[in-house]
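Quick notes on the structure that follows.
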Amino acid sequence: MTETTKPLSDSSASEVLEVVAATVRNVASPRPVPTAEETYDADLFESGILDSLGWIRLLDELEDRYDVELDIEVLDEKGVVSMRDFATYLLELAD
């Protein structure tokens, strides 16, 4: 976890969502990622924002940032496909 990142348990839903969105923008590079709030609910694969390598990079960065372990099978079972889904799931892990 970086010094500037709050522990997941102390973060609000909007803070976690912004971190997820910033991380998606970082790992999707050089592809432009729309910044509008409505993209928070877009399927990251179907919309073309991330490919499989970007997905793995997203998981790695979020695991490092929040010191959690993200299981791909669990993410799939829960239908985690969007930035908002990731934020919700991360907050569930903090409980």
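The values are calculated or read from the model by the stated rules, or taken from the named source; none is laboratory data. Every value quoted in this text rests on a predicted model; they were computed, and no experiment measured them. Every residue, glycine as well, gets a Cβ built from its backbone with ideal geometry; the counts of neighbours run over all protein chains shown. Heads up: the accessible areas ignore ligands, DNA and RNA and are worked out on the full protein's heavy atoms, side chains in. Shrake-Rupley method; radii C 1.70, N 1.55, O 1.52, S 1.80 Å.
Spin-label pair Ser52-Asp67: with each label point 7 Å from Cα along the Cα-Cβ axis, the two points sit 3.3 nm from one another.
A crude spin-label estimate for the pair Leu75 and Glu18, with each label 7 Å from Cα along the Cβ direction, gives 2.3 nm. Computing percent of Cα pairs over 18 Å apart directly from the structure and comparing it against [x] 68; [y] 38; [z] 33 singles out [y]. Split the accessible area of region 8-95 by element, probe 1.4 Å, and carbon with sulfur accounts for 47%. Applying 1/(1 + (r/R0)^6) with R0 = 30 Å to the Cβ-Cβ distance of Ser9 and Asp43 gives a FRET efficiency near 0.60. Surface exposure of the chain, expressed per residue as accessible area with a 1.4 Å probe, stands at 59 Å². Around Leu44, under 10 Å between beta carbons, what's the net of Lys plus Arg minus Asp minus Glu among the other residues? So the surrounding residues net to -4.
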